[in-house]
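Structure, as structure tokens:
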Amino acid sequence: MRACLALILMLPIAAGAQLFGSDERGGERERQAGPEAPVTLPQFPRQEDYLPFEVSATTPFDFFVDAKSLSVGADRMVRYTVIAKSSAGALNISFEGMRCADHQFRVYALGRADKTWSELRSSKWETIRGEPRNVQRAVLYNDFFCPMTGDVTSAEEGVRALKNGGNSRAGIKGY
């Protein structure tokens, strides 16, 4: 009888755990509601629209976000083009989305040498981790697009954060 009562009392807690998630910073964030809006690929980035952001002194790449591609949809997804430039000048370009509430990213398309996009057919949402091959996403998440007090609300706020070296709501220096 006590086991049944304990189970009944725990059901509301389990239901609440599905609606809310805890992020790595220890705060509660509401899960995204509703489906993802249809995605339209942006124009291919131009160098004059690159906004640099600092990732790490030890990374072999310089990273940029294309200011013209940055958007915040009605679905609260932050979408942007990220450019990784090697010391030899090689570019890796991808159009991505970030779901702040779920601490996830998704790659929609990769840039080609002929300045066109190659859409990914099996793109899926993945958890943002601070590992070396994805550290740029963790930096964009923590310092620019998903500050501790909530995700950016407009493309203008995201561009301002990139231009100022960080989002003021993330407590980043230089803002």
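The values are calculated or read from the model by the stated rules, or taken from the named source; none is laboratory data. None of the values given here were measured: they were computed from a predicted structure. Here Cβ is always computed from backbone atoms with ideal geometry, including for glycine, and neighbour counts include all displayed protein chains.
Here are some notes:
- Hey, residue 158 within 17 Å of residue 42 (Cβ to Cβ), small (Gly, Ala, Ser) and either loosely packed, with under 15 Cβ neighbours inside 10 Å or in contact with a Leu (Cβ under 8 Å, 6 or more places away or on another chain) (or both) or not: yes
- Considering residues of the stretch 73-84 that are surrounded by fewer than 18 Cβ atoms within 10 Å (Cβ to Cβ) and without any contact (Cβ under 8 Å) to a residue 40 or more places away in the chain only, the residue farthest from residue 107 (Cα to Cα): 74
- Qualifying residues in the stretch 30-52 (those that are acidic (Asp, Glu) and either surrounded by fewer than 13 Cβ atoms within 10 Å (Cβ to Cβ) or outside any loop (DSSP other than H, G, I, E, B) (or both)) - the one modelled with the lowest pLDDT: 30
- For the stretch 72-88, the set of residues classified as within 10 Å of residue 154 (Cα to Cα) and in contact with a helix residue (DSSP H, G or I) (Cβ under 8 Å, 6 or more places away or on another chain) consists of 72, 76, 78, listed by residue number.
- Residue among 135, 82, 107 that is assigned to a strand (DSSP E or B), modelled with pLDDT of 90 or more, farther than 16 Å from residue 68 by Cβ and among the aliphatic types (A, V, I, L, M): 107
- Taken over the stretch 53-72, the criterion of being surrounded by fewer than 14 Cβ atoms within 10 Å (Cβ to Cβ), of a type in the set (Gly, Ala, Ser) and touching a residue at least 12 places away in the same chain (Cβ under 8 Å) is satisfied by 56 alone.
- Taken over the stretch 105-147, the residue count meeting the criterion of being among the polar types (S, T, N, Q), free of Cβ contacts under 8 Å to residues at least 60 places away in the same chain and over 19 Å from residue 62 (Cα atoms) is 4.
- Taken over the stretch 53-79, the criterion of being among the hydroxyl-bearing types (Ser, Thr, Tyr) and modelled with pLDDT under 95 is satisfied by 56, 58, 59.
- Selected residue (only one of 114, 151 is of a type in the set (D, E, K, R) and farther than 25 Å from residue 35 by Cα): 114
- For residue 101, the conditions (1) of a type in the set (A, V, I, L, M); (2) modelled with pLDDT under 95; (3) under 14 Å from residue 39 (Cα atoms); (4) surrounded by 12 or more Cβ atoms within 10 Å (Cβ to Cβ) are fulfilled apart from (3).
- Answer residue from the stretch 117-131, given it is loosely packed, with under 11 Cβ neighbours inside 10 Å and of a type in the set (D, E, K, R) and is farthest from residue 37 (Cα to Cα) among those: 131
- Test for residue 158: is it in contact (Cβ under 8 Å) with a residue 12 or more places away in the chain, on the phi < 0 side of the Ramachandran plot and of a type outside the set (Phe, Trp, Tyr): yes
- Matching entry among 89, 26 (being at pLDDT below 95, farther than 24 Å from residue 142 by Cβ and among the small types (Gly, Ala, Ser)): 89
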